[in-house]
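Visitor: Below is a structure I'd like to ask you about.
The values are calculated or read from the model by the stated rules, or taken from the named source; none is laboratory data. As the structure is a prediction and not an experimental result, all values here were calculated from the model. No Cβ is skipped: glycine too gets one built from the backbone with ideal geometry, and neighbour counts run over all protein chains shown. What goes into the accessible areas is simple: the full protein's heavy atoms, side chains included, and nothing from ligands, DNA or RNA. Shrake-Rupley method; radii C 1.70, N 1.55, O 1.52, S 1.80 Å.
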Amino acid sequence: MAVERTLSIIKPDAVAKNVIGEIVTRFEKAGLKVVAMQMKQLSKEDAEGFYAEHKERPFFADLVAFMTSGPVVVQVLEGENAIAMNRDLMGATNPKEAAEGTIRRDFAESIDANAVHGSDSAASAEREIAYFFGA
Ligand code: IDP
């Protein structure tokens, strides 16, 4: 298996709940290494650009409002199979459908406020890492 990098965001709901450390611990215990990290207040433009692929979706305005509602922690995680591994640790988009023991099941309230983001493919990971951290 290849060593990959993926972009993770601890979203405003999880930051407000004071569970940054618990979430990072899950990544570390799974063998993923945090190789870059920044706490950031996203602007409307930052959030709109990041989620540009969703701009026609009915939830886009709510998503941008939520992602700018407080600080987030943006990280690059590195490890074997990091992209799929992170998605497994996160659980389903809707926390009500997320498997037991996943981050969203344990820390998220709703599909809107669902604790974490993770790149869903190698192409997304490349774009998203460059979006926040440059080349
Ligand atoms: P993902 O975060 O699991 O990859 P995406 O489909 O890429 O899910 O959606 C991006 C984000 O948009 C989700 O994490 C969630 O916060 C929000 N979202 C997705 N679908 C809905 C919906 O049907 N209603 C409200 N928010 C949604």
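Visitor: Whole number in Å², please: accessible area per residue of region 1-111, 1.4 Å probe, ligands, DNA and RNA not counted.
Guide: That works out to 53 Å² per residue.
Visitor: May I ask which residue of M37, T102, S121 lies farthest towards the positive end of the charge dipole of the chain, with charges of +1 (Lys, Arg) and -1 (Asp, Glu) on Cβ and the Cα centre as origin?
Guide: So the residue we want is M37.
Visitor: A follow-up question, please. Determine the relative contact order of region 23-89: mean sequence separation of Cα pairs under 8 Å and six or more apart, normalised by residue count, in whole percent.
Guide: Here the relative contact order equals 52 percent.
Visitor: What list of ³J(HN,Hα) couplings, whole Hz, do you get for region 31-41 from phi and the Karplus terms 6.51, -1.76, 1.60, once you set θ to phi - 60° and write x for glycine and proline?
Guide: x, 8, 10, 7, 9, 7, 7, 8, 8, 8, 8
Visitor: Cross-link partners among aspartates and glutamates for K17, C-alpha distance below 13 Å, same-chain residues fewer than 8 apart left out?
Guide: Those aspartates and glutamates meeting the cut-off are D106, E109.
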